[in-house]
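K.L.:
The structure under discussion is supplied below as structure tokens; questions concerning it will follow.
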Amino acid sequence: MAEILRYFNWTYVSTVASEGDYGETGIDAFQQEARVRQICIATSVKVSRSVNRGNYENVIRSLQQKANAKVVVLFTKSEDARELLSAAARMNATFIWVASDGWGAQESVVHGSEKAANGAFTIELASYSIREFEDYFTKLTPELNTRNPWFREFWEHRFGCRVHEHGCAMKSLRNGAFKPESKIMFVVNAVYAMAYALHNMRQAVCPNTTKVCDAMKPGNGKRFYREFILKTKFDAPFRPADTENVVRFTSLGDSLGRYNIFYYRKEDNKFVYKKVGYWSQGLVLNTSVVNWATGVVPTSQCSDPCHPNEAKSMQPGDVCCWICIPCQPHQYLLDEFTCMDCGFGEWPLANLTGCYELPEEYIHWSDAWAVGPVTIACLGMLCTLAVAGVFLRNNDTPVVKASGRELSYILLSGVLMCYAMTFIYIAKPSAFVCALRRLGLGTSFAVCYSALLTKTNRIARIFGGARDSAQRPRFISPASQVAICAVLISAQLLVALVWLLVEAPGVRKEVGPDRRDVVTLKCNSLDSSMLVSLTYNCILIILCTFYAFKTRKCPENFNEAKFIGFTMYTTCIIWLAFQPIFYVTASDYRVQTTTMCISVSLSGSVVLGCLFAPKIHIILFQPQKNVTNLRAKENRFSSVATTAPSSTYSQASASTIVPTVCNGREVVDSTTSSL
């Protein structure tokens, strides 16, 4: 019975038992089996021996109070089952009955209450008729069967006459519809089991006699039970040829149960018991002949089944009652009781059995957001390399020398790095790419503005020294300038390295508020950290702008300071516009990345256009200006009245001087690479 309930997943049932050994013992055994299979008992009712019609209706009312327990297990005598069905019919109560062999397949139980019994599952001990017993029994008459005192009473009840009356004893059991009790088989098997046990005991304790010996006296009953009854095993006698029925007992003294399972239903306008399976140490059911009223298997559970996206929250101390708790959209069902979060960047499958990874999104090289910045960067790099080529080819001309060759090449390398940053920012984020972003962005700016600061500082010190005294300023040689520039660049590299150590580079995944969007790959550095790392570059820009402004009054025959001033003013405008734009576009990584790339490329383009374009113009299109004005000098940084221009190009030697006028005074520099 418990396995039938488990088969249909009926986990919340009520029970009714007849008072007495049969009902109480049976229902106790059922409850033990039910607990093993996690089947809960909603209510358990006992029918007393002195129950009346009203009490049966009270039993039905008790069952109706547990509305979710739609299945009722009956372990009752046949008369109690009949009265319960009658009460259910009167009260229009509908249950699914699962009944023991007290109901079995008896028509008398359901007579008059067929509709109330419709859909019931009943069990009956599997048995077969014994023809030999039927032949023997139907031949008996009161005269021939004097050893059974009850037979005379049975005969009189059967034929409705007195044995001593004329003709009563002449009647025969073969006349009329006689059907012996179906459990005769078990009585026969029990008799044979006792006979086999006695036979085996006699052979074991007194093999030399054919009579009952002292060892077989009643005082040895316990030994007889343990060693012989429980160990008896034989094939049942009188069984049909196609029937397998071995008689043996368990350690508890129970025989092996075999049950037929019936389903009570309406068929051809008539209610019948339909065999749907059997149980022999295991359940076998043929549910194809079971027709449910609703077309689906009814439920009998304490709580309604949870929806596919809900988990069961069990009530304390109860295995059958639960509360359904919806899982969050980003959760899947680890089991029927647990909602589990999908990992970051993952989303539950449609059936909630697991998670799948959301597609990763980043700027691809073919995206429109990447084409523009990459095109600008490629053009800028070509221009930078072209400028570097022109400078290298005219390395010893006055314009290149006056530009400060070493610092110019450092400046060009910084511009080239600015353009190269576009490719690093467009590349798919990874730990290596993120590390390059941190190192490259600040360093490329630092290379540019360190070289410019060194230039402007040198110009300011030379012009200031020429105005205030005739003594040559210190650290204006090319080697000193390169060293100063390297120190300034090293400071930014140190900041970037500390940043890498404090906040290890890596990739983070970002999703939208509902976590269902595609995953955006980003470097794990914060925007604020990136801007803080550029603070040093801001200081360099401010100092460059200050020195460019300070030397703004130099006349046109020394216009290096003027071009540096244009460069720094434009750079300040770009940087002032970049920071608010960078934060405003933080919600869209595409716009932010494109803005960053274009801003960095513009910074390099400003340096390339404002500082190098005039020099390239002179070198390529006005070579007549790319000559040295020679002047005799008496000593270093002395004032002169006249100049001796040279109309032809000549190399400046160690004693060559380039006159320069600033703030109304003419100053000269005799270095091999002049201002």
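The values are calculated or read from the model by the stated rules, or taken from the named source; none is laboratory data. What you see is a predicted model, and the numbers here were worked out from it, not measured in a lab. Every residue, glycine as well, gets a Cβ built from its backbone with ideal geometry; the counts of neighbours run over all protein chains shown.
K.L.:
Would you call residue 340 within 23 Å of residue 489 (Cα to Cα), of a type in the set (A, V, I, L, M) and within 52 Å of the chain's Cα centre (by Cα)?
P.N.:
For residue 340, the condition - within 23 Å of residue 489 (Cα to Cα), of a type in the set (A, V, I, L, M) and within 52 Å of the chain's Cα centre (by Cα) - is not met.
K.L.:
Related question: Would you point out which residue out of 596, 568 is in the same structural domain as residue 405 (by TED's automatic domain parsing), hydrophobic (A, V, I, L, M, F, W, C) and within 40 Å of the chain's Cα centre (by Cα)?
P.N.:
That would be 596, the only listed residue that is in the same structural domain as residue 405 (by TED's automatic domain parsing), hydrophobic (A, V, I, L, M, F, W, C) and within 40 Å of the chain's Cα centre (by Cα).
K.L.:
So how many residues does the stretch 460-481 have that are modelled with pLDDT of 75 or more and buried (at least 21 other Cβ atoms within 10 Å of the Cβ)?
P.N.:
1
K.L.:
Which pairs do you get when a residue that is without any contact (Cβ under 8 Å) to a residue 24 or more places away in the chain and part of a helix (DSSP H, G or I), found in the stretch 21-36, comes within reach of a residue that is exposed (fewer than 14 other Cβ atoms within 10 Å of the Cβ) and of a type in the set (A, V, I, L, M, F, W, C), reach meaning Cβ atoms under 9 angstrom, with the pair 6+ apart or on two chains?
P.N.:
Matching pairs, first to second residue: 35/319.
K.L.:
Out of all the residues in the stretch 140-151, which are surrounded by fewer than 16 Cβ atoms within 10 Å (Cβ to Cβ), free of Cβ contacts under 8 Å to residues at least 24 places away in the same chain and farther than 30 Å from residue 259 by Cβ?
P.N.:
Those that are surrounded by fewer than 16 Cβ atoms within 10 Å (Cβ to Cβ), free of Cβ contacts under 8 Å to residues at least 24 places away in the same chain and farther than 30 Å from residue 259 by Cβ: 144, 146, 147, 148, 149.
K.L.:
Restricting the search to the stretch 69-80, which residues are part of a loop (DSSP other than H, G, I, E, B), out of contact with any Phe, Trp or Tyr (no Cβ under 6 Å at 6 or more places or on another chain) and within 18 Å of residue 34 (Cα to Cα)?
P.N.:
70, 76, listed by residue number.
K.L.:
Report yes if some residue within the stretch 120-136 is farther than 30 Å from residue 261 by Cα and not assigned by TED's automatic domain parsing to the domain that holds residue 247; otherwise report no.
P.N.:
Taking every residue of the stretch 120-136 in turn, at least one turns out to be farther than 30 Å from residue 261 by Cα and not assigned by TED's automatic domain parsing to the domain that holds residue 247.
K.L.:
So, one more: What's the number of the only condition in (1) under 30 Å from residue 268 (Cα atoms); (2) more than 57 Å from the chain's Cα centre (by Cα) that residue 125 fails to meet?
P.N.:
So residue 125 meets the others, but not (2).
K.L.:
Restricting attention to the stretch 376-407, which residues are buried (at least 17 other Cβ atoms within 10 Å of the Cβ) and either aromatic (Phe, Trp, Tyr) or without any contact (Cβ under 8 Å) to a residue 40 or more places away in the chain (or both)?
P.N.:
The answer is 381, 388, 391.
K.L.:
When you scan the stretch 260-280, do you find a residue that is out of contact with any helix residue (DSSP H, G or I) (no Cβ under 8 Å at 6 or more places or on another chain), modelled with pLDDT under 90 and among the β-branched types (Val, Ile, Thr), even just one?
P.N.:
No, the stretch 260-280 contains no residue that is out of contact with any helix residue (DSSP H, G or I) (no Cβ under 8 Å at 6 or more places or on another chain), modelled with pLDDT under 90 and among the β-branched types (Val, Ile, Thr).
K.L.:
For the stretch 232-245, state whether one or more residues are free of Cβ contacts under 8 Å to residues at least 40 places away in the same chain, among the hydrophobic types (A, V, I, L, M, F, W, C) and surrounded by 10 or more Cβ atoms within 10 Å (Cβ to Cβ).
P.N.:
So far as the stretch 232-245 goes, no, none of its residues is free of Cβ contacts under 8 Å to residues at least 40 places away in the same chain, among the hydrophobic types (A, V, I, L, M, F, W, C) and surrounded by 10 or more Cβ atoms within 10 Å (Cβ to Cβ).
K.L.:
Quick check: is even one residue across the stretch 554-568 under 16 Å from residue 437 (Cβ atoms), among the hydrophobic types (A, V, I, L, M, F, W, C) and at pLDDT 75 or above?
P.N.:
No, that holds for no residue.
K.L.:
Taking the stretch 343-392, which residues are among the acidic types (Asp, Glu), more than 20 Å from the chain's Cα centre (by Cα) and not in a loop (DSSP other than H, G, I, E, B)? Even if it seems obvious, please write down each step before you answer.
P.N.:
Step one: list which residues in the stretch 343-392 are among the acidic types (Asp, Glu), which gives 346, 357, 360-361, 367.
Then keep just the ones that are more than 20 Å from the chain's Cα centre (by Cα); that gives 361, 367.
Hit for the stretch 343-392 is 361, nothing else.
K.L.:
Here are some residues: 248, 239. Which one is outside any helix (DSSP H, G or I), under 18 Å from residue 125 (Cα atoms) and in contact with a Phe, Trp or Tyr (Cβ under 7 Å, 6 or more places away or on another chain)?
P.N.:
Of the residues listed, the single one that is outside any helix (DSSP H, G or I), under 18 Å from residue 125 (Cα atoms) and in contact with a Phe, Trp or Tyr (Cβ under 7 Å, 6 or more places away or on another chain) is 239.
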